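Heads up, the thing below is written out as structure tokens.
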Amino acid sequence: MAVTVRDPAWFGAVVRQALVLRGHATQADLATASGLSLNSVVNVLTGTKDSYRLATLEHLATGLGVPVSRLVACATGPGRW
């Protein structure tokens, strides 16, 4: 199942902030913690894609230590809360 991201650039910025707040020093650290490739993490952070597989967001949420439902809501909601 694909999750369409309402505002990819904003979502990437939110994930970048979460990366720092959760203590990941680098994009590679988040990739390792989430079990994703570095390329997948970079795609999210730079807002290059407007949809992601739910499994990708699940892995990302695990790496960030946040509920997947919160990450999906952030991706699909109105943005700029």
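Roughly speaking, what is the stretch gain from residue 22 to residue 42, that is 0.36 nm per residue apart minus the C-alpha to C-alpha distance, in nm to one decimal?
Extending this stretch completely gives an extra 5.5 nm.
Over the chain, give the accessible area per residue in Å² for a 1.4 Å probe, as an integer.
56
Of the accessible area of the chain, with the probe set at 1.4 angstrom, what percent is carbon plus sulfur?
Ligands and nucleic acids excluded, carbon and sulfur reach 55 percent.
Could you work out how far apart the two model spin labels at residue 73 and residue 2 are, taking each label as a point 7 Å from the Cα in the direction of the beta carbon, and quote it in nm?
Once both label points are built, they end up 2.6 nm from each other.
Please list, ordered by chain and number, the residues whose modelled amide H lies under 5 Å from the amide H of residue 3; skip anything fewer than 5 residues away on the same chain.
52, 53, 54
May I ask you to evaluate 6.51 cos²θ - 1.76 cosθ + 1.60, the Karplus curve with θ = phi - 60°, for each residue of the range 41-56 and list the ³J(HN,Hα) values in order in whole Hz, giving x for glycine and proline?
With coefficients 6.51, -1.76 and 1.60, one gets 5, 4, 4, 5, 5, 9, x, 7, 10, 9, 7, 9, 5, 4, 4, 5 Hz.
The values are calculated or read from the model by the stated rules, or taken from the named source; none is laboratory data. The shown structure was predicted, so the numbers you read here are calculated from the model rather than taken from an experiment. Counting neighbours? That spans all protein chains shown, and the Cβs are built from the backbone with ideal geometry, glycine included. Accessible surface areas use protein heavy atoms only, side chains included; no ligands, DNA or RNA. Shrake-Rupley method; radii C 1.70, N 1.55, O 1.52, S 1.80 Å.
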